[in-house]
Amino acid sequence: MTRASKIAFFIGLLYLNIPFSSAFCSIDILSIRWWTAPDYTRVVIDTSERAQYEAKDSNRKLTIDFKNTAFPATIPHQYILNKPAVKKIFLCPLPGDKVRVELWLSKNVKVKIFTLQRVLNKPHRVVIDVRLPEIEKKESQERKQVQISEKKKIIVIDPGHGGEDPGAIGRRGTKEKNVVLKIAKDLRDILINRGYQAFLTRKGDYYVSFKKRLKIAKEYGANLFISLHTDAYRSRGARGSSVYCLSTRGASSEAARLLARNENLSDVIAGVPNGQNNGESDPITLNMLQTETYNLSKSVGSIVLKDLKKINHIKYSKVHEAPFRVLKLPDTPSILIEVAYISNPHEELLLRKSSYRKEVAWAIASSVQEFFPLPSSFAKGEVREVRKIKRPVFASHASTPASVPATYVVKRGDNLERIAKRHNTTIKNLQELNHLKSRNRIYAGQKLRVLPAVA
């Protein structure tokens, strides 16, 4: 046997040992994932190359036949979801190098299938959105009813990213989408407790398109829109909080421009079908400068910066501007808050702590209350644990009538610094006397014990 014949022989043996489907099929199914929102379930099928498929929807079952595809050996072949829109997913091989994926659906759903090419670290994807039109309609009607019936100020809080789009990820694996959702829920609860109406654009780990986030805010009739995010940079030393508003004339700095570019990629990363995004040339931006919304956005942003400065380093002393898609609300003051750098080791640790996330929420809530003071008839007290307070002893006042603390009722627009100056005391003394963990945790109508500090 010649050398060439030997080589051909061994190559032939090599091919015989390779499974037929792997040797001659050009596409692999890498994984199957899903996220569920109240009104839809999204199923994502990751593939090694752009997939070719045929889909058929009948009798509450969606069948997708992938052509020239190897039957996956490394992932499960059945998934039990039991979600409102999708009950289960089943995979099986078909003759002719095909793989069938079946989705067992609920009643009265609408299905949309589309493909996404590789982007950043995402592979080729086949996306199946299974929507519940009745739920969508009901939620929309409920939001519009809030706008009609409520006389209170309505704050819509937007936790950025979600689902397929994790946002920035810290060195310890902390995901932006999870952090901002927790802060948003804390902020919502605080605002409701203070007498506002507060709502979220998403309540769980799923993605909401820019277009739908804005739609939610409009349907609620939002008086203020707050989008929450965490920042990230390749340098681990970058740190601090920052606040942004919409600019229709370009970004106020190169850093703001890059940040807006990254945040605006969310629809692409999460997989929003063509035609559902709100383009950069949307007429909404042309109306923006014809209203006072821009100035109001900068005003509330400045207040937020002032309050965030009390709990964290501030990256910029002023509100910066950039063309953020999620802020395109012509009649609603809208800001985007980067609460901290998740790429900074110290700030990532802070963001992982429930106590710090609550401090952020309290700071933003204080800003909202300063920007939108509530009438006294709407102000609500906050539920707190009732406990005996051990009064601090100030030696020089111990035997005089002045050592008995007076009671001060917090007024709208008050802060601890102003109250301390008015009563010749210190912020620290006020916090100790009233067991306040944060200088931001006061509200209109709250009774504080005040005692002049020792000179």
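For residue 384, the conditions (1) closer than 30 Å to residue 340 by Cβ; (2) exposed (fewer than 14 other Cβ atoms within 10 Å of the Cβ); (3) at pLDDT 70 or above all hold with the exception of (3).
All conditions but one from (1) surrounded by 15 or more Cβ atoms within 10 Å (Cβ to Cβ); (2) charged (D, E, K, R); (3) without any contact (Cβ under 8 Å) to a residue 40 or more places away in the chain apply to residue 131; the one that does not is (3).
Could you go through the stretch 149-161 and let me know if any residue there is acidic (Asp, Glu), part of a strand (DSSP E or B), under 25 Å from residue 343 (Cα atoms) and within 24 Å of the chain's Cα centre (by Cα). Give the steps one after another, and end with the answer.
Start the filter on the stretch 149-161 by keeping residues that are acidic (Asp, Glu), which leaves 150, 158.
After this cut, where a residue has to be part of a strand (DSSP E or B) as well, the list is 158.
Subsequent filtering for residues that are under 25 Å from residue 343 (Cα atoms) retains 158.
Now restrict to residues that are within 24 Å of the chain's Cα centre (by Cα): 158.
There is at least one residue in the stretch 149-161 that is acidic (Asp, Glu), part of a strand (DSSP E or B), under 25 Å from residue 343 (Cα atoms) and within 24 Å of the chain's Cα centre (by Cα).
Got a sec? Which of 107, 98 is over 30 Å from residue 339 (Cβ atoms) and surrounded by fewer than 16 Cβ atoms within 10 Å (Cβ to Cβ)?
Details: 98 fails: surrounded by fewer than 16 Cβ atoms within 10 Å (Cβ to Cβ).
Result of the check over 107, 98: 107.
In the stretch 45-90, of all residues being of a type in the set (A, V, I, L, M) and surrounded by fewer than 20 Cβ atoms within 10 Å (Cβ to Cβ), the one that is modelled with the lowest pLDDT corresponds to 73.
The values are calculated or read from the model by the stated rules, or taken from the named source; none is laboratory data. Please read these numbers as outputs of a predicted model, since none were measured by experiment. Neighbour counts are summed over all protein chains in view; Cβ atoms, including those assigned to glycine, are modelled from backbone coordinates with ideal geometry.
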